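The values are calculated or read from the model by the stated rules, or taken from the named source; none is laboratory data. Here the structure is a predicted model, which means the values were calculated and not measured. For neighbour counting, all protein chains shown are included, and Cβ atoms are generated from backbone atoms with ideal geometry for every residue, glycine included. All accessible areas refer to the heavy atoms of the entire protein, side chains included, with ligands and DNA or RNA removed. Shrake-Rupley method; radii C 1.70, N 1.55, O 1.52, S 1.80 Å.
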Amino acid sequence: MSLSINVGVLAQEPFDFLGFAGLSIKDIEILISKSPNSSSCKSMQKLMDSREESHLEYQQYLEKTLKKISNFLIDLGWKEWEEPKNIKIQRRSVMNSFPYRDWYHLRRRYAYIKDGQGNIKFQEEDEQDIDNVVERWTIPSLHLMYHSDYNGYYIPIDFPEVLEIPDIDDSCVGSSIRLLEELKEIAPYLDIQMNGDDISDREFSRVYEESMDESPSGIEKMVWLTIHEMAKLSKRYKTAIVFG
């Protein structure tokens, strides 16, 4: 099972979000216009129509859900926030999907940092030996730790604890502002040099190369790069991180 993560979901066009062999809508329309009666182009048009319809339905669902979250936060006394629809996000090339167990690797590291054992070297066989530490630090005030690992949202508002809102499918709602600060806390333990909220392109390339190692350390770095990129963009563009 895999966790997928995205930002700027209401500003994305259908094939930005769903993927279509790296082609934009304009590219597809040009291909279809050249041979509209060919079987391949007819199939492509049918698939494009279907995906566009599915995407619009999903966007409508997300828009309603994010509005519910905003209203819930307003009722709690936090400022109003609205998911942007007209933004063009510039992002680094990072994975936006990985196995649930890889997400767990980064949480485990953070739990041990909070426990005063941040420099521990993990081995693959350690996975069954650390549940007590992870469980001890799975608390609402730690947004990386407490958030669901398969669905939910991070919102660009600074609130202290992860929220559970029953009428949005029992999804957790965390603060991407708090998440970013927690990732900054983890960075030194993964030998990642930060400059404010970001890392340089050179540092990103170095860490990305190291993340290709399938060891526990490499997995931690890969997940950190992905989550950090999403949290940074969430704060910069005032957009939600969506887990799915």
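Taking only the Cα atoms of segment 71-214, the ratio Rg/Rh comes out at 0.97, with Rh defined as the Kirkwood radius.
Apolar share of the accessible surface for segment 97-244: 46 percent from carbon plus sulfur atoms, 1.4 Å probe.
Report the calculated FRET efficiency for Arg202 and Lys121 (r = Cβ-Cβ distance, R0 = 25 Å), to the nearest 0.05. That pair, Arg202 with Lys121, gives E of 0.45.
Once you have the Cα-Cα distance between Ser4 and Gln60, take 0.36 nm times their residue separation minus that, and quote the gain in nm to one decimal. Don't jump to the answer; show the numbers that get you there.
On the way: separation 56, 0.36 × 56 = 20.16 nm, distance 1.90 nm.
Stretched fully, the Ser4-Gln60 segment lengthens by 18.3 nm.
Using the Cβ of Gly77 as centre and a radius below 14 Å, the other residues enclosed give a net charge of -3, where K and R count +1 and D and E count -1. Largest accessible area first, the residues Tyr61, Tyr100, Tyr110, Tyr150 order themselves as Tyr150, Tyr61, Tyr100, Tyr110 under a 1.4 Å probe with ligands, DNA and RNA left out. Karplus-derived 3J(HN,Hα) values for segment 174-190, using 6.51 cos²θ - 1.76 cosθ + 1.60 with θ = phi - 60°, are x, 9, 5, 5, 5, 4, 4, 5, 5, 5, 5, 5, 6, 3, x, 6, 9 Hz; glycine and proline are entered as x. Each residue, Asn132 and Lys68, gets one label point 7 Å from its Cα in the Cβ direction; the gap between the two is 3.9 nm. Extension gain for the segment Glu164 to Glu181, taken as residue separation times 0.36 nm less the Cα-Cα distance, is 4.0 nm to one decimal.
Lys238 sits with roughly 110 Å² accessible to a 1.4 Å probe, with DNA, RNA and ligands left out of the calculation.
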